[in-house]
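These notes are about the structure you will find just below.
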Amino acid sequence: MPESALGEGLIYEESLPVSWSAGAPAAGPALARLNADNQQLLTAESSLGEVRVNEALKDESPALVHELQRLEFKLNILLRLTAELAVRDRALPAAQTLRLSSRGLEWPGEHAPPRDAVGLLSLYVNPMLPEPLRLPCTVIDERLRDGQRVALLRFDGLSEAVIELLEKLIFRHHRRLVAGARHSAP
């Protein structure tokens with residue numbers, strides 16, 4: 001199967017906690033709720049990890065900007081501690097090395113669902129947010145790569161807003177990889 005099966009654009013390759021629940025595809029109000037929850041989670045995820053000075057504050061005093069950054073730092077610590085407590089109460093699924101696009105996912109290994117399976121993929125994209133994205137999927141194909149079975153999952157019924165936020169997540173990951181490579185180069 002060609003690499004384009006994940007769609008055009010960047011691919012997010014990472015080891016992330018993931019699980020699968022087989023079942024009928026979400027539809028109607030259930031699908032709308034999944035999209036709303038995923039949109040909220042991806043929006044929250046995009047606000048984490050980077051301290052940014054809001055454009056509206058660029059003309060404010062440096063002391064005010066410093067104080068806001070200090071408060072944001074404290075909130076990030078609180079989020080991290082809360083996430084650690086939540087993970088203690090319920091263990092995350094095992095991390096798997098995945099290839100993610102805004103349209104689908106490649107999942108290698110024995111834990112990947114079988115071809116033609118339909119269900120819900122739970123994907124934890126940020127350790128500070130112990131809630132998963134819940135993505136309705138169909139396993140559309142499988143192949144062997146380096147002697148290992150790889151299932152190709154297509155996301156079904158995602159809203160345009162969720163697709164756009166997934167694209168932004170993938171772009172941020174790519175940008176961090178490029179920046180990290182630049183800093184480690186001699």
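The values are calculated or read from the model by the stated rules, or taken from the named source; none is laboratory data. What you are looking at is a predicted structure, and each value in this text was computed from that prediction instead of being measured. Here Cβ is always computed from backbone atoms with ideal geometry, including for glycine, and neighbour counts include all displayed protein chains.
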- Query: Before we move on, is PRO136 crowded, with 18+ Cβ neighbours inside 10 Å, modelled with pLDDT of 95 or more and in contact with a strand residue (DSSP E or B) (Cβ under 8 Å, 6 or more places away or on another chain)?
  - Reply: yes
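Does the range 94-101 contain at least one residue that is assigned to a loop (DSSP other than H, G, I, E, B) and within 18 Å of ILE11 (Cα to Cα)? Spell out the reasoning first.
Narrowing the range 94-101 to residues assigned to a loop (DSSP other than H, G, I, E, B): 94, 101.
From what's left, within 18 Å of ILE11 (Cα to Cα): 101.
Yes, that holds for at least one residue.
In this structure, does GLY119 turn out to be surrounded by 13 or more Cβ atoms within 10 Å (Cβ to Cβ), in contact with a Phe, Trp or Tyr (Cβ under 8 Å, 6 or more places away or on another chain) and small (Gly, Ala, Ser)? Don't jump to the end; show me each part of the working.
Details: surrounded by 13 or more Cβ atoms within 10 Å (Cβ to Cβ): yes; in contact with a Phe, Trp or Tyr (Cβ under 8 Å, 6 or more places away or on another chain): yes; small (Gly, Ala, Ser): yes.
Answer is yes for this residue.
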- Yes or no: LEU42 at pLDDT 90 or above, under 30 Å from PRO136 (Cβ atoms) and in a helix (DSSP H, G or I)? yes
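Conditions tested, residue by residue: (1) modelled with pLDDT of 65 or more; (2) touching a strand residue (DSSP E or B) at 6+ places or on another chain (Cβ under 9 Å); (3) assigned to a helix (DSSP H, G or I); (4) among the aromatic types (Phe, Trp, Tyr).
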position	(1), (2), (3), (4)
PRO29	yes, no, yes, no
ARG52	no, no, no, no
ASP59	yes, no, no, no
ALA63	yes, no, yes, no
GLN69	yes, no, yes, no
LEU75	yes, no, yes, no
LEU79	no, no, yes, no
THR82	yes, no, yes, no
